[in-house]
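The values are calculated or read from the model by the stated rules, or taken from the named source; none is laboratory data. Treat the numbers as computed from the prediction; the structure is a model and nothing was measured. Here Cβ is always computed from backbone atoms with ideal geometry, including for glycine, and neighbour counts include all displayed protein chains. With ligands, DNA and RNA removed, areas are computed over all heavy atoms of the protein, side chains included. Shrake-Rupley method; radii C 1.70, N 1.55, O 1.52, S 1.80 Å.
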Amino acid sequence: MIRPDAPILLEIQGLHASVDEQPILNGVNLTIRAGEIHAVMGRNGSGKSTLSKVLAGHPAYTVTAGSVRYQDVNLLELEPEQRARIGLFLGFQYPVEIPGVSNLEFLRVATNARRQERGDDELDTFAFEDLVRERLNVVQMDPAFLERSVNQGFSGGEKKRNEILQMALLEPLVAILDETDSGLDIDALRIVASGVNQLAGPHTATLLITHYQRLLDLITPDFVHVMAAGRILRSGGKELALELERTGYDWVDAELARQPVEVP
Amino acid sequence: MAGSTAWLEGLAGAPVPSRRLEDWRFTDLTALAAIHPKLAMAPDPLAGVTLPAGVSRLSSEAVEALLGRALHANHSEQHWLVQLNQGIQPAVVGLGVSGAAQPLELICDAGEAEGLVPWRILLVLEEGASLELLQVQRSSGANATTVITEVLLGAGSELRLGSLGLGDRQACLLTHLAVEQAPGSTLALTSASAGWALSRFEPRVVQSHGAAHTQMRSLQWVDDQQCADTHSAIRFDGPGGTLDQLHKAVADGAARSVFNGAISVPRAAQQTEASQLSRSLLLSDRARIDTKPQLEIVADDVRCAHGATVSRLQQDELFYLQSRGIAAAQASRLLLRGFCDEVLRGLPAAAATWRPLERLLGADTQLSPDPEQPAAPLGKV
Ligand SMILES: Nc1ncnc2c1ncn2[C@@H]1O[C@H](COP(=O)(O)OP(=O)(O)O)[C@@H](O)[C@H]1O
Ligand SMILES: [Mg+2]
């Protein structure tokens, strides 16, 4: 839903980032307002996951130039956990397996960290069980997965559902979902998409990173961006995704040659 | 060295192991040399304990007949820890088990004693007997504990043995465990130690005719200048035996962790299935971990696997937790707890009252905002 007067939730300006001195993001600009759904597409290796991890604060990446405002704070100054507590959520392309740590307890600790930030009461084990059982319905996940170690031995689809379950519990303001649709069969894709649609609202925003139109058939984006060589090369409405589906990314190289990388 | 070890040589009738010996290469005995040179009284671990049904004291004739047998079967006699303890000749705590016995706890508490505190334990499980035993070694002062535990497992018997060593930053722990397993018997050994200036643990098992099951889970945690050394040895003297061994270590500060795991599968031990895994976590740049499997496999129809990893806390795991609002320090503790719990959950139920996880990790291991009465972390009290 596009409302030009809606408050800006996330404003990325001229963002450059590198890993081991190797530049990966080369000047990303993106503004996201409340209520909007954005899709970022692009070939493998174009920097989509890097953008999502830099926003979430992954320590492997160094921001070398640019700024990111989240509501009225400088996001780049905050520790990853603080970013999460104030409502930024990253659904991982490759959710991490954590042996020996119970999924249920992990979800409870995470949920309470977010609740505390919002001034809500912490939930004890019993209250949390009620909440988690209700939210399991959003992703139609078997409660048995709560008893296992975080993501350990989960199939690709189960991991992605666990990501959306976390999103449903944390109730983020800005959710970045990195290829949450990859590796899902069509039923799982419907479940995940309906979960995202249920959680999207006029006060929150969603950034979907995806390769496929099939997700965008289920979640209609307000804006579509094409990323290449670490920046956003083109932006448009939902019709841009359909065009990409027809034409592919062959035009990208010619376009890149015409738009040299700005040096910060 | 600050003190001298001459008096220990006198007791053992053998020189203190030099670091030129392969088995002692990485193990610094400075902490042992600092112990006050005298023998201290070892409190009777059975004082005030009502033996559960199925467990009784062995007669002195039985002790006389059986003492030393498991040591002999494991070729333990020439090991220095054994020579030292035998040189002192501590009173023997001899226990026999028949039928399905109730759980038992044996506490060897050196307390604040000064000097060397010796214990010797002999445990005999009759054919078909079963027992869950927790041995606790504790110290709260500048002393050295020496314990020899001999175990004879009759055919078809089952022993779940926990060994929990909760030390003091000036204390040393020298433990030698020798187990002889008859066919069809099962040993499930879980050990955990932390807080000792020096700890050396020598679990040795022989399956005298094969066809028995041995499971070993151990965890050693070292910090500051501490050194923990586990030298295990398992031998199959007949066909069809199994071993499932996991050794874990966490090394922080400038500490050192040593693991040497010997497995011997002679020609007679066809169809043995043995696996050994060593997993260590380095928490600091100054800590050292030395880990070595030592496999002697002569039989050809066997399945033996071994592996060893040394790693740091995984950045991706930490980041995943942080990205869900969990603070970095709490995320580390959560990962460490997961690492340790794989071993600790195998301890007998009685271990819970000692709160081993809380002692290892300090407060807040439940990750709740209000942990009830967190135990003081070891080595930091
Ligand atoms: N941690 C890292 N170390 C080294 N190279 C990296 C790292 N993260 C990303 N890269 C490199 O940056 C580029 C962009 O990767 P990524 O952001 O994963 O792309 P996408 O998600 O669009 O497929 C790739 O060339 C990738 O190899
Ligand atoms: Mg990616």
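Results, tabulated for the structure shown:
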| read-out | value |
| --- | --- |
| Only one of B:Ala31, B:Ala62 that is modelled with pLDDT of 95 or more, part of a helix (DSSP H, G or I) and over 23 Å from B:Ala262 (Cβ atoms) | B:Ala62 |
| Matching residues, the range B:329-352, being facing chain A (nearest Cβ under 9 Å) and either open to solvent by 40 Å² or more (accessible area, probe 1.4 Å) or of a type in the set (D, E, K, R) (or both) | B:Arg337, B:Asp341, B:Glu342 |
| So A:Ala60, is it within 16 Å of ligand 2 (Cβ to nearest atom), within 16 Å of B:Ala328 (Cα to Cα) and of a type in the set (A, V, I, L, M, F, W, C) | yes |
| All positions within the range A:138-183 that are open to solvent by 20 Å² or more (accessible area, probe 1.4 Å), touching a residue at least 60 places away in the same chain (Cβ under 8 Å) and basic (Lys, Arg) | A:Lys159 |
| Failed condition for A:Arg135, given (1) open to solvent by less than 60 Å² (accessible area, probe 1.4 Å); (2) within 14 Å of chain B (Cβ to nearest Cβ); (3) closer than 21 Å to A:Ile86 by Cα | (2) |
| Lone unmet requirement of (1) within 14 Å of another protein chain (Cβ to nearest Cβ); (2) at pLDDT below 95; (3) open to solvent by 40 Å² or more (accessible area, probe 1.4 Å) for B:Arg279 | (2) |
| Near pairs, Cβ below 7 angstrom, 6+ apart or cross-chain, from the range A:96-121 (facing chain B (nearest Cβ under 7 Å)) to any residue that is of a type in the set (Val, Ile, Thr) and part of a strand (DSSP E or B) | A:Ile98/A:Val150; A:Val101/A:Val150 |
| For A:Glu158: the one exception among (1) of a type in the set (Asp, Glu); (2) within 14 Å of chain B (Cβ to nearest Cβ); (3) over 20 Å from A:Ile176 (Cβ atoms) | (2) |
| Residue in the range B:229-262 that is farthest from B:Glu22 (Cα to Cα), counting only those that are over 17 Å from the mean Cα position of the chain (by Cα) and in a strand (DSSP E or B) | B:Thr242 |
| Of residues in the range A:109-119 being open to solvent by 40 Å² or more (accessible area, probe 1.4 Å) and within 24 Å of the chain's Cα centre (by Cα), the one farthest from B:Leu334 (Cα to Cα) | A:Arg118 |
| Lone qualifier among A:Leu208, A:Leu216 - being open to solvent by less than 60 Å² (accessible area, probe 1.4 Å) and more than 16 Å from ligand 1 (Cβ to nearest atom) | A:Leu216 |
| Residue in the range A:46-63 that is away from chain B (no Cβ under 14 Å), in a helix (DSSP H, G or I), on the phi < 0 side of the Ramachandran plot and buried (at least 17 other Cβ atoms within 10 Å of the Cβ) present | yes |
| Odd one out for A:Glu79 among (1) within 14 Å of chain B (Cβ to nearest Cβ); (2) within 30 Å of A:Gly183 (Cβ to Cβ) | (2) |
| Test: B:Arg57 is closer than 29 Å to B:Ser264 by Cα and either buried (at least 20 other Cβ atoms within 10 Å of the Cβ) or in contact with a strand residue (DSSP E or B) (Cβ under 7 Å, 6 or more places away or on another chain) (or both) | no |
| Output for the range B:217-228, where each listed residue is surrounded by fewer than 24 Cβ atoms within 10 Å (Cβ to Cβ) and not in a loop (DSSP other than H, G, I, E, B) | B:Arg217 |
| Single residue of A:Ile32, A:Ile8 found to be farther than 24 Å from A:Pro260 by Cβ, touching a residue at least 60 places away in the same chain (Cβ under 8 Å) and buried (at least 20 other Cβ atoms within 10 Å of the Cβ) | A:Ile32 |
| Which numbered condition B:Arg286 fails, given (1) part of a loop (DSSP other than H, G, I, E, B); (2) open to solvent by less than 50 Å² (accessible area, probe 1.4 Å); (3) at pLDDT 95 or above | (2) |
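Each row is one residue, and each column tells you yes or no for (1) open to solvent by 70 Å² or more (accessible area, probe 1.4 Å); (2) among the acidic types (Asp, Glu); (3) within 21 Å of the chain's Cα centre (by Cα).
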{"site": "A:Phe223", "(1), (2), (3)": "no, no, yes"}
{"site": "A:Ala228", "(1), (2), (3)": "no, no, yes"}
{"site": "A:Leu233", "(1), (2), (3)": "no, no, yes"}
{"site": "A:Gly236", "(1), (2), (3)": "no, no, yes"}
{"site": "A:Ala241", "(1), (2), (3)": "no, no, yes"}
{"site": "A:Glu245", "(1), (2), (3)": "yes, yes, no"}
{"site": "A:Tyr249", "(1), (2), (3)": "no, no, no"}
{"site": "A:Glu255", "(1), (2), (3)": "no, yes, no"}
{"site": "A:Pro260", "(1), (2), (3)": "yes, no, no"}
